[in-house]
Each structure stands twice: as C-alpha cells, then as structure tokens.
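*Asks:* Just dropping this structure here.
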Amino acid sequence: MTQNTIASDSDLQYLRNTGTGVVLDAETRLGINASTKTLLPIQRFGDAPHIAGPVTTVRFLPKRSSEKPLTSMYEIMQNSGAGSVIVVEGHGYSGHLFGGNMAHMGIQTGVEAVLLDSGYRDHQEILSYGLNLFSSKKETVYPAVGSLLISELDVPINFDGVQVRPGDIAIGDDDGVIFIPQESYTEVMANVRDMAQLEEEMERLIREKQPGHKIRELLATKKNRKV
C-alpha cells in the first residue's frame, strides 16, 4: 500500500510553504475542481509547517451483517509509509472513526496527516500527540465502529465533494485541504509556481501603492495565463 509519489521531497516542501490558496488559484485557472468544502484542521497551524503528501484512500461502508472489516486503521497507517496522507471516506457519518490510539500509531509510523469526512474522539489526546488531523465533523463520543467497516483501500473516493484517487497529492493548512490530481501534477505545479510569482508581484504593487488599474491587469493575468 505504500504510495510511489510523483512529487519530489523538494516539491512537497515547496507546497507546504506555499499553502492552499495559491494551489487553488492555479487549479481554478486550469479548470480543476479539487478543493474540499468543509474540512478543517482540529488545531490551527499558526507558524507550524503545513501538510503535503501522497494520498492513501480508505472507504468505509455500512455493515450488512456480521461481515468483518477488510483491515484496520492501524494496519493502514503501518503499511502506507512515512509521509502519506490517509484520506478516509466515511460518508459524513457523525460518529467517530478515529481516536487517540490511532493518532499515536500515526505518529509512530510517520503519517503526514489523516483526513476525515466523519467524526473523531479523544480530542485532547490527539493534540498531545501532535498528529495533523483534519475533519469535517466535531469530536464526539458516539461510535461509528459497529455501524461502518473498512470495505476498500486505494480506490477512487468521494471525499467532502471531491473525487480523490490514490497517489494524488494532498495539501492542507488552516483554510482546509486541496488535492493535486496525479494525472495533472506537472501542469498544476508549473502553474502553482507561476501563481506564486504573481502573488509576490501583487504584494509589491500594493506595498508601493501602485494605481488600481495595474492591480486589475495583474488579476486578469492571474486568471487567464496558463503555463
């Protein structure tokens, strides 16, 4: 299950430093819809490094009878490899699919982050371990285990309104999470770097109190120029 990522270590560090806003602008320019709608980190990053890494996908489904889960979150984190981002499709279930022991395992195995479209528990314990956890639901004591079970790994999933595939690159910060589709990676990265340069130019224009029409022209360039 270890992902062979198309992103180099230097690319991933660049994305951590760049953040989701620039990636969103680059993908919007290219007509790519890959940003989550409601996902947020359970603790603000502040000055801490943001997250970026290759995706391992996990799909939960409702139990039909006495069937057994395919595997466990513990084994998934052990097998995904250091730096992986575990993306869990729980269909917006309000019960918890993740907790403190799992967070401990994530830290021990070097997982970059875990993304949930469902609930979680043990909020303070997870914070104490320092795992990067994003969720679209609040912490809850109500269990999902017993109602849902892991049914598939490394398949395309519908995650918080986005199609996510194994091997995509996830980037997350205080604003949420965005994905770079692996089939568009080279094109997106070229446009991310271009957009970052245009953002620096925008800051210069504002700092130097340049006329508004110059800012308007730069905004048009940001929207329309593809590299």
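*Asks:* Select, from Ser72, Ser80, Ser35, Ser84, the only residue that is of a type outside the set (Val, Ile, Thr), within 13 Å of the chain's Cα centre (by Cα) and under 16 Å from Asp154 (Cα atoms).
*Replies:* On inspection, the qualifying residue turns out to be Ser84.
*Asks:* Moving to a separate point now. Working only within the stretch 175-187, note down all residues that are farther than 21 Å from Asn158 by Cα and surrounded by 14 or more Cβ atoms within 10 Å (Cβ to Cβ).
*Replies:* Within the stretch 175-187, Glu187 is the sole residue that qualifies.
Let's see how each residue does on (1) β-branched (Val, Ile, Thr); (2) farther than 25 Å from Val23 by Cβ; (3) in a helix (DSSP H, G or I):
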residue: Phe134; (1), (2), (3): no, no, no
residue: Ile150; (1), (2), (3): yes, yes, no
residue: Gln163; (1), (2), (3): no, no, no
residue: Val192; (1), (2), (3): yes, no, yes
residue: Leu198; (1), (2), (3): no, no, yes
residue: Lys209; (1), (2), (3): no, yes, no
residue: Ile215; (1), (2), (3): yes, no, yes
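*Asks:* Taking Ala103, is it under 26 Å from Ser35 (Cβ atoms), among the small types (Gly, Ala, Ser), part of a strand (DSSP E or B) and modelled with pLDDT of 95 or more? First the steps, then the outcome.
*Replies:* On the way: under 26 Å from Ser35 (Cβ atoms): yes; among the small types (Gly, Ala, Ser): yes; part of a strand (DSSP E or B): no; modelled with pLDDT of 95 or more: yes.
No, not satisfied.
*Asks:* Let me ask something additional. Any residue in the stretch 50-77 that's of a type in the set (Gly, Ala, Ser): show its pairings with residues that are at pLDDT 95 or above and part of a strand (DSSP E or B) at Cβ separation under 6 Å, as long as the two are six or more apart or on different chains.
*Replies:* Ala52/Ile171; Gly53/Val85
*Asks:* Only one residue in Leu61, Leu30 is aliphatic (A, V, I, L, M) and under 28 Å from Ala190 (Cβ atoms), so which one is that?
*Replies:* One residue alone meets the criteria, Leu30.
*Asks:* Same structure again: Which of the residues that make up the stretch 86-100 are surrounded by 24 or more Cβ atoms within 10 Å (Cβ to Cβ) and in a loop (DSSP other than H, G, I, E, B)?
*Replies:* Gly90, Leu97, Phe98
*Asks:* Out of the stretch 62-85, which residues are aliphatic (A, V, I, L, M), touching a strand residue (DSSP E or B) at 6+ places or on another chain (Cβ under 7 Å) and part of a helix (DSSP H, G or I)? Give the derivation first.
*Replies:* Of the residues in the stretch 62-85, the ones aliphatic (A, V, I, L, M) are 70, 73, 76-77, 82, 85.
When the remaining residues are screened for being touching a strand residue (DSSP E or B) at 6+ places or on another chain (Cβ under 7 Å), the result is 70, 76-77, 85.
Passing the criteria: Ile76, Met77.
*Asks:* Looking at the stretch 20-32, can you tell me whether even one residue there is assigned by TED's automatic domain parsing to the domain that holds Leu115, part of a helix (DSSP H, G or I) and small (Gly, Ala, Ser)?
*Replies:* The answer is yes; a qualifying residue exists.
The values are calculated or read from the model by the stated rules, or taken from the named source; none is laboratory data. Source: prediction; values computed, not measured. Using ideal geometry, Cβ is built from the backbone for each residue, glycine included, and neighbour counts are taken over all protein chains shown.
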